[in-house]
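Each value in this text was obtained by applying a stated rule to the coordinates, not by laboratory testing. Predicted model, so just to flag it, every value in this text is computed and none were measured. Cβ atoms come from the backbone with ideal geometry, glycine included; neighbour counts cover every protein chain shown.
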Amino acid sequence: MQDSNIPPRIAVAGSINMDLVLRCAQFPTPGTTTVARSYDEISGGKGANQAVSAAKAGAHVSMLGRVGDDAFAQRLLGSLKGHGVDCTHVLTTPDCESGLAMIMLDQTGQNSIVVVEGSNGRFTPQDIKHLEDVIQSIDVMLLQLEIPLETVQEVVEIARAANVRVILDPAPVPDTLPSALLQVDLICPNEHEAEQLTGIAVDSPEQALAAAQALHAKGARHVVITLGGRGSFLFDENGGRMISAFETNVVDTTAAGDAFAGALAVYWAQHGDLDEAVRFGNAAGAIAASRMGAQPSMGTRSEIESLWGSLK
């Protein structure tokens, strides 16, 4: 644990997408047409979202990834920089579109997402080898799975060799997840992803414990399963326990998990208390779910502390 007054150094290797957001009363079923109420273009991508979350929660954040050479690229970089994220190590990919996500939101704030990887799919292990010095100099590495799995694995190997803490948000869950990617300090799936990874439905604390133990047995040192409005389930060397959620008026859940991961990483790096880090992440996730969009929905440090403190 470092001095809590010094901003932690966090790097995020992951996706950078333009989110094309459609709001509708309900999702269309196969063979039907639904009229959208509105449409927006909002900077997103799980990697970029987590970078913004961590930066707004008080960290010095470096983004590692790729954008295309299309019209979206500068807007995506501008959003990251505008939120205080260092984009020195974001590469431009010639003759390639930036990543896109088509997001449908229903009237309850739930989402359905289709992702076009674009330049995110061109982020290679060789790119990571060139960034080895950056990874070795940080406190926490944040990862997701919207870039090639072999690239994520290269990051994990470099970070582990340098004793850098690694947090993996295993989304989207692939058909086959290499066991090497589970050798992390913390894995933080939601309940659906936990079921995909373990085959255990997570409908109760007992089932959450079983799924968390299965992930721990596969190599993850700590496990947090996010459960939406039910809170989060934490498993570590002290066993498993529920961490309470914060009440919120749900508007858009798109980036709630990314807000959670970014804020948790910051607090855990600064204070070393994982229980409180999960509570801090829960507060960040609740704030994000109460607002529209991905990066614009992220709470500031003071906003998160205010809500987090309400349950202390």
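Applying a 10 Å radius around every beta-carbon, put 87-94, 186-193, 263-270, 150-157 in order of their mean neighbour count, most first.
Details: 87-94: 15.9, 186-193: 23.8, 263-270: 28.2, 150-157: 20.9.
With the highest mean Cβ count within 10 Å placed first, the list reads 263-270, 186-193, 150-157, 87-94.
In whole Hz, what ³J(HN,Hα) sequence does segment 143-160 give by Karplus (6.51, -1.76, 1.60; θ = phi - 60°), x for Gly and Pro?
Using θ = phi - 60°, the values come out as 9, 9, 10, 9, 10, x, 4, 5, 6, 4, 5, 4, 4, 4, 5, 5, 5, 4 Hz.
Below 16 Å, Cα to Cα, which aspartates and glutamates can K129 reach? Residues fewer than 8 away in the same chain don't count.
Within the straight-line cut-off, K129 pairs with E150, E154, E157.
List the residues whose amide H sits under 5 Å from the amide H of L64, counting only those 5 or more places along or on another chain, with H placed 1.01 Å from N in the peptide plane.
V12, A13, G14
Packing-wise, with mean Cβ within 10 Å as the measure, how do 107-114, 130-137, 232-239 rank, highest first?
Descending packing order for the listed peptides: 232-239, 130-137, 107-114.
May I ask you to compute the full-extension gain from T176 to E150, defined as 0.36 nm times their residue separation minus their alpha-carbon distance, rounded to one decimal in nm? Mind showing how you got there, number by number?
Details: separation 26, 0.36 × 26 = 9.36 nm, distance 1.22 nm.
Stretched out fully, the T176 to E150 stretch lengthens by 8.1 nm.
The list (1) 36, 60, 4; (2) 33, 54, 13, 0; (3) 33, 58, 10 gives values of P(r) over Cα pairs in 20 Å bins from 0, in percent, and only one came from this structure; which label was calculated from it?
Evaluating P(r) over Cα pairs in 20 Å bins from 0, in percent on these atoms matches (1).
Please sort 167-178, 215-226 by packing, taking for each peptide the average over its residues of neighbouring beta carbons within 10 angstrom, highest first.
My ranking of the peptides, most packed first, is 215-226, 167-178.
Restricting to segment 1-117, what percent of DSSP beta bridges are antiparallel, rounded to 5?
Roughly 45 percent of the DSSP beta bridges within segment 1-117 come out antiparallel.
How high is the relative contact order of segment 220-273, in percent, counting Cα pairs under 8 Å that sit 6 or more residues apart? Intermediate values should be presented prior to the final figure.
Working: 44 pairs, mean separation 11.4, N = 54.
Relative contact order for segment 220-273 comes out at 21 percent.
Work out how much length Q213 to D133 would gain on full extension: take 0.36 nm times their residue separation and subtract the Cα-Cα distance, in nm to one decimal.
So the extension gain works out to 25.4 nm.
Below 8 Å between Cα atoms, with a sequence gap of 6+, how large is the relative contact order for the chain in percent?
That works out to 18 percent.
Taking 8 Å as the Cα distance limit and 6 or more residues as the minimum spacing, I'd like the relative contact order of segment 1-50 as a percentage.
45
Quick one: dipole size for segment 1-108, taken about the Cα centre, charges +1 on Lys/Arg Cβ and -1 on Asp/Glu Cβ, in debye to the nearest 20.
280
Kindly state, to the nearest 0.05, the FRET efficiency for L91 paired with A36, given R0 = 41 Å and r defined as their beta-carbon distance.
0.75
Quickly work out the E247-to-A71 label distance, labels modelled 7 Å from Cα along the C-beta direction, and quote it in nm with one decimal.
4.5
Measuring from centroid to centroid over Cα atoms, what is the spacing of segment 48-120 and segment 202-266 in Å?
24
Counting DSSP beta bridges with both partners in the chain, what percentage is antiparallel, nearest 5?
Working: 22 of 51 bridges.
Of all bridge pairs located within the chain, approximately 45 percent are antiparallel.
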